[in-house]
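Undergrad: First the structure, then my questions, so here it is.
The values are calculated or read from the model by the stated rules, or taken from the named source; none is laboratory data. Here the structure is a predicted model, which is why all the values come from computation and not from measurement. No Cβ is skipped: glycine too gets one built from the backbone with ideal geometry, and neighbour counts run over all protein chains shown. Note: areas computed on protein heavy atoms with side chains; ligands, DNA, RNA excluded. Shrake-Rupley method; radii C 1.70, N 1.55, O 1.52, S 1.80 Å.
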Amino acid sequence: MKKIVISTGGGDAPGLNAVIYAVVHACHRRGWEVYGSRSGYKGLLDMDELVRLGLEDVEDIYSTGGTIIGSTNKGNPFEMPFENLAGEVKIVDISDKIFRNFNRMGFDCHIAIGGDGSLEIARRFAEKGMPVVGVPKTIDNDLDATDRTFGFDTAVSTATEALDKLHSTAKSHDRIMVVEVMGRESGWIALYSGISGGADAILLPEIPFDIQKVCEKIMDNELHEKDYAIIVVAEGATVRGGEVITKEQTEIGRSEVLLGGIGEWVATELRECTGKDTRSLVLGHLQRGGSPTTFDRLLAMRFGTAAVRLVEEGTFGHMVALASPGMTSVSLADAVKSRKKVDLTSDKVLTARDIGICLGD
Ligand code: F6P
């Protein structure tokens, strides 16, 4: 009999509930108990935020977006902001308290589902001696240690569908539509959706772009009697020699800066250099919502059950990973070491170039 606690951390991604479903079922078969810690580590600070998860609680959640136990990207227990009565914000380390509560509650393992930030926190807890197993999540697909993260496939489908819809309005008005998609340091969503959604240009964080090249592509389109264009830009893309565009940081305790604005910047520049009507839109959190695709559900369930098998064999301090066609595991230290960038020599990039998509270089 084991007692497991699960948490979901960072930005939500379609498939989180499918992981929870799979963990609860796999634990139930083994006669183990599962608890969910609400909003990251809150359940390990306050018993009211800890929920017992039985089969009845997860009955059909595998097809739903979001996470039934909530998530946060502001709750790093090693660097928790604390506002005193005078309104001063101090950074405190509450990890010892969380570890003490974990032991007091008699947990045998913590299954931490998250992206690079949450997995780094999990790694630090593992270093302290907590038995932890990680599960890789992020729509950005930027974890190098796994072939894929769940959530990415759904986000790409959402972005592709949006591009399909934008074609008709762009064409009707002879406009340039600039679509900003998520992707902080890696342009996976931009590349996959841009190719599949018929973009004229795709701007990735991996290739600092020359706006003149994009203008040339649009003018070249006109020579072929195509008077509209669809431009996909990842939020982390930069103009050559420029910086990532960020929004004002207003959230206390948020570890990452908020990106956003490059789409509008590109639209303004293109309006000036082409003289054409230009509109920009930010797909934003639409990409994180909705029901997971079949691929993401299956991957999430495979990750969830693989995590339970790691607990069973006592392999802690590891993250489950996809090494197609099967599952593997890597140490949490290796899992957070590097980001997966778009390989500029890959056949996907070659495909984009061969079908005439401008990559801004
Ligand atoms: O890491 C996933 C991600 O979706 C990024 O692409 C994006 O920059 C960030 O989360 C946005 O997070 P928030 O939920 O704080 O707006």
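Undergrad: Taking Ile202, is it in contact with a helix residue (DSSP H, G or I) (Cβ under 7 Å, 6 or more places away or on another chain), surrounded by fewer than 24 Cβ atoms within 10 Å (Cβ to Cβ) and not in a loop (DSSP other than H, G, I, E, B)? Spell out the reasoning first.
TA: On the way: in contact with a helix residue (DSSP H, G or I) (Cβ under 7 Å, 6 or more places away or on another chain): yes; surrounded by fewer than 24 Cβ atoms within 10 Å (Cβ to Cβ): no; not in a loop (DSSP other than H, G, I, E, B): yes.
Judged against the criteria, Ile202 is not a match.
Undergrad: When residues of the stretch 255-269 are filtered for being of a type in the set (Ser, Thr, Tyr) and either within 16 Å of the ligand (Cβ to nearest atom) or within 17 Å of Met182 (Cβ to Cβ) (or both), how many remain?
TA: 1
Undergrad: Asn103 is checked against (1) outside the structural domain of Tyr228 (by TED's automatic domain parsing); (2) open to solvent by less than 40 Å² (accessible area, probe 1.4 Å) and fails just one. What number does that condition carry?
TA: (2)
Undergrad: If you go through the stretch 78-96 one residue at a time, how many are at pLDDT below 95 and under 24 Å from the mean Cα position of the chain (by Cα)?
TA: Looking only at the stretch 78-96, we keep the residues that are at pLDDT below 95, and these are 79-92.
Filter again for under 24 Å from the mean Cα position of the chain (by Cα), leaving 79-81.
The number of residues fulfilling the criteria is 3.
Undergrad: Scan the stretch 230-242 and give yes if some residue there is among the small types (Gly, Ala, Ser), within 11 Å of the ligand (Cβ to nearest atom), over 20 Å from Val342 (Cβ atoms) and open to solvent by 80 Å² or more (accessible area, probe 1.4 Å), otherwise no. Break it down stepwise before answering.
TA: The initial filter retains those residues of the stretch 230-242 that are among the small types (Gly, Ala, Ser), namely 234, 236-237, 241-242.
This time we only want the ones that are within 11 Å of the ligand (Cβ to nearest atom), so: 234, 236.
Filter once more, keeping what is over 20 Å from Val342 (Cβ atoms): none.
There is no residue in the stretch 230-242 that is among the small types (Gly, Ala, Ser), within 11 Å of the ligand (Cβ to nearest atom), over 20 Å from Val342 (Cβ atoms) and open to solvent by 80 Å² or more (accessible area, probe 1.4 Å).
Undergrad: Can you name the residue in the stretch 56-83 that is charged (D, E, K, R) and closer than 22 Å to Met301 by Cα and, of all such residues, is surrounded by the most Cβ atoms within 10 Å (Cβ to Cβ)? Let's see the steps before the verdict.
TA: Pass one, the stretch 56-83, residues charged (D, E, K, R): 56-57, 59-60, 74, 79, 83.
From what's left, closer than 22 Å to Met301 by Cα: 56-57, 59-60.
On the way: Glu56: 7, Asp57: 16, Glu59: 10, Asp60: 8.
Filtering first and then ranking leaves Asp57.
Undergrad: Taking the stretch 129-183, which residues are within 15 Å of the ligand (Cβ to nearest atom) and either within 23 Å of Thr268 (Cα to Cα) or part of a helix (DSSP H, G or I) (or both)?
TA: Within the stretch 129-183, Phe152, Asp153, Thr154, Ala155, Val156, Thr158, Ala159, Val179, Glu180, Val181, Met182, Gly183 meet the criteria.
Undergrad: Please go through the stretch 205-247 and give me each residue that is aliphatic (A, V, I, L, M), assigned to a helix (DSSP H, G or I) and under 17 Å from Gly356 (Cβ atoms), ordered by number. Let's see the steps before the verdict.
TA: Keep residues of the stretch 205-247 that are aliphatic (A, V, I, L, M), which gives 207, 211, 214, 218-219, 223, 229-234, 237, 239, 244-245.
Add one more test, that the residue is assigned to a helix (DSSP H, G or I), and what stays is 211, 214, 218-219, 223.
Val214, Ile218, Met219, Leu223 - these are the residues of the stretch 205-247 that are aliphatic (A, V, I, L, M), assigned to a helix (DSSP H, G or I) and under 17 Å from Gly356 (Cβ atoms).
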